[in-house]
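Report on the structure given below.
The values are calculated or read from the model by the stated rules, or taken from the named source; none is laboratory data. Please read all numbers here as calculations on a predicted model, not as lab measurements. Because the Cβ atoms are built from the backbone with ideal geometry, glycine has one as well, and the counts that use them run over all protein chains shown.
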Amino acid sequence: MKLLRTLALSAILAGLASAGVIDNGTITIVGPIPDGTFNFGGSGFSASGSFDQGLWQVSRCPCPSGSILDVNGFVSGLSFFGAGSATIGTTDFSGVGWGSVIQEEDSFFQITGPAITLNAGPGTYQSTFTFTGFLCGTQGGGSQCVVRFPSLSGSGIVDVNIFAGGLPNVLEFRDATYTFTSTPEPGTWMLVGIGAAVILGLRRR
C-alpha cells in the first residue's frame, strides 16, 4: 500500500514536470517587421533566445483608429536564429541554436488570443493569450536536438504598445510583450486530481 502511494505521488510529480507548462517569463516582439526574444520557464526547465520573420498579426499596423487587431503570432523552423540558452533540472546549456538548415526537428511557437479594438488612440492595449510550442536546440553546428522541449503550453496577458502615426487618425505598432502567468492547464489539474483521488482511496483502505 505504501508503494502504491509512492507511485501515485510520483505520477503526479512526473506529470507536472513533463507537461511542459510555462508559468513565468515573456515573449517580446518589436515591429513593424517583427523581431522577437523569449525568456520563459516552468517546473524544472527554462529557455531563452531570439527569432525573426514570424507571422505576427499584431505587427500589421499602421492602421486607422478603431481597427480590430489580432494578437496572434506564429513562428517556425528557420525563423529562429542566433544562440540562446536553456536549463533542464540542474543542467545548463549555453550556445543553443533553435533553428538551422540541418537540424532534425523544427522549433515553432503558436500564439492565439482575443482581438483588441484600437478605439482609445495611442497607448497600451491589453488582451489575453494562449501558447503552444516545441523547441529543438542544437549545439556546435550539429543536427541533433541536444535540448528538446516537446508540448510546451502556457497562457497569460499581452500588452501591445501603439503610438500615433505620421498621418491623422493612423496608429502604428511599436512592441508587444506576452507575459506568462502561473495558471495551470486544465489537463494538469486533472492529473493532480486523479493522483489525489488515488492517494485518498488508499488511505481509506
Just to check your reading of the model, which residue among F180, F134 is without any contact (Cβ under 8 Å) to a residue 40 or more places away in the chain, touching a Phe, Trp or Tyr at 6+ places or on another chain (Cβ under 6 Å) and at negative phi? F134
Residues of the stretch 95-112 being over 24 Å from I157 (Cα atoms), at pLDDT 90 or above and part of a loop (DSSP other than H, G, I, E, B), which ones? W98
Could you tell me whether the stretch 113-121 includes any residue that is over 21 Å from D175 (Cβ atoms) and modelled with pLDDT of 90 or more? no
So for the stretch 20-29 (the condition being modelled with pLDDT under 95 and surrounded by fewer than 17 Cβ atoms within 10 Å (Cβ to Cβ)), does at least one residue qualify? no
Take the conditions of a type in the set (A, V, I, L, M) and surrounded by 15 or more Cβ atoms within 10 Å (Cβ to Cβ) and apply them to L167. Does it pass? no
Taking the stretch 15-44 and keeping residues without any contact (Cβ under 8 Å) to a residue 40 or more places away in the chain and part of a strand (DSSP E or B) leaves D35, G36, T37, N39
Kindly establish whether D92 is part of a strand (DSSP E or B) and either crowded, with 16+ Cβ neighbours inside 10 Å or in the same structural domain as C145 (by TED's automatic domain parsing) (or both). yes
Matching entry among G49, G82, G54 (being at pLDDT below 90, under 21 Å from G20 (Cβ atoms) and touching a strand residue (DSSP E or B) at 6+ places or on another chain (Cβ under 9 Å)): G54
Quick one: N72 ticks every box in (1) farther than 19 Å from L171 by Cα; (2) touching a residue at least 40 places away in the same chain (Cβ under 8 Å); (3) surrounded by fewer than 19 Cβ atoms within 10 Å (Cβ to Cβ) bar one, so which box is it? (1)
In the stretch 45-86, how many residues are out of contact with any helix residue (DSSP H, G or I) (no Cβ under 9 Å at 6 or more places or on another chain), among the aliphatic types (A, V, I, L, M) and either not in a helix (DSSP H, G or I) or not assigned by TED's automatic domain parsing to the domain that holds V158 (or both)? 5
